[in-house]
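Since the structure comes first, as structure tokens, the remarks are kept for the end.
The values are calculated or read from the model by the stated rules, or taken from the named source; none is laboratory data. Since this is a predicted model, take the numbers as computed values, not measurements. Cβ placement follows ideal geometry from the backbone for every residue including glycine, while neighbour counts extend to all protein chains displayed.
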Amino acid sequence: MIISAGALAANGLLRLAALTGEDRYEEPARRALQLVARPMASHPTAFAYALGALERVVTAPLEIAIVGDPTDARTHALRRVVTQRFVPAAVTLTGPAGDVSPLLAGRAALDDAPTAYVCEHYTCQMPVTAPEALGAQIDGVLAARQRAAT
């Protein structure tokens with residue numbers, strides 16, 4: 001499969017918008033996808049990556065922030081919960097407490113343990129430190145999205 005530069009750029013811009021909270025990145029991505037909308041509808045298998053970008057346009061991003069030392073095994077355990085699932089339209093960022101990235105800013109580690117925040121539009125559920133709890137939160141969001149789609 002060869003990914004088109006336009007689809008790659010659109011997906012990157014949409015991810016950047018979700019990571020930063022800056023809506024200005026969405027418009028160029030939408031315009032790029034509009035250029036291929038008609039052929040994408042007629043020949044979807046030829047536009048797999050563009051369809052993934054389109055999914056980011058129509059699905060609110062699920063933002064997962066993990067605050068903790070990236071070398072800590074407990075931080076890795078939280079990241080594994082995310083990477084071992086298919087989570088459509090998700091963005092994940094891991095960094096130490098005090099990181100100024102918009103997704104991590106103002107988020108603290110609970111009891112000096114790596115802590116995960118599951119958010120939509122920067123509104124977060126209760127922070128969790130246990131991988132099982134993080135998995136349950138992600139699964140809950142995905143189940144709610146599936147119910148809303150039917």
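If the condition is being in a helix (DSSP H, G or I), surrounded by fewer than 16 Cβ atoms within 10 Å (Cβ to Cβ) and hydrophobic (A, V, I, L, M, F, W, C), then the stretch 1-15 contributes 5, 8, 9.
Give the residue that is surrounded by the fewest Cβ atoms within 10 Å (Cβ to Cβ), with candidates limited to residues of the stretch 88-116 that are β-branched (Val, Ile, Thr) and under 19 Å from residue 21 (Cα atoms). Let's see the steps before the verdict.
Narrowing the stretch 88-116 to residues β-branched (Val, Ile, Thr): 91-92, 94, 100, 115.
Applying the additional criterion that residues be under 19 Å from residue 21 (Cα atoms) yields 91-92, 94, 100.
Numbers: 91: 20, 92: 17, 94: 21, 100: 8.
Selected residue: 100.
From (1) part of a helix (DSSP H, G or I); (2) modelled with pLDDT of 95 or more, pick out the condition that doesn't hold for residue 146. Residue 146 satisfies every listed condition except (2). Taken over the stretch 83-107, the criterion of being touching a residue at least 12 places away in the same chain (Cβ under 8 Å), within 28 Å of residue 143 (Cβ to Cβ) and part of a loop (DSSP other than H, G, I, E, B) is satisfied by 85, 87, 88, 89, 102, 103, 104, 107.
How many residues does the stretch 65-82 contain that are more than 11 Å from the chain's Cα centre (by Cα) and either among the basic types (Lys, Arg) or part of a helix (DSSP H, G or I) (or both)? Please lay out each step first, then the result.
First, pick out the residues of the stretch 65-82 that are more than 11 Å from the chain's Cα centre (by Cα): 66-81.
Checking which are either among the basic types (Lys, Arg) or part of a helix (DSSP H, G or I) (or both) leaves us with 73-81.
Matching residues across the stretch 65-82 total 9.
The sole residue among 46, 9, 108 that is modelled with pLDDT of 90 or more and assigned by TED's automatic domain parsing to the domain that holds residue 122 is 108. Within the stretch 31-50, the set of residues being buried (at least 16 other Cβ atoms within 10 Å of the Cβ) and either within 13 Å of residue 9 (Cα to Cα) or acidic (Asp, Glu) (or both) comprises 32, 33, 49, 50.
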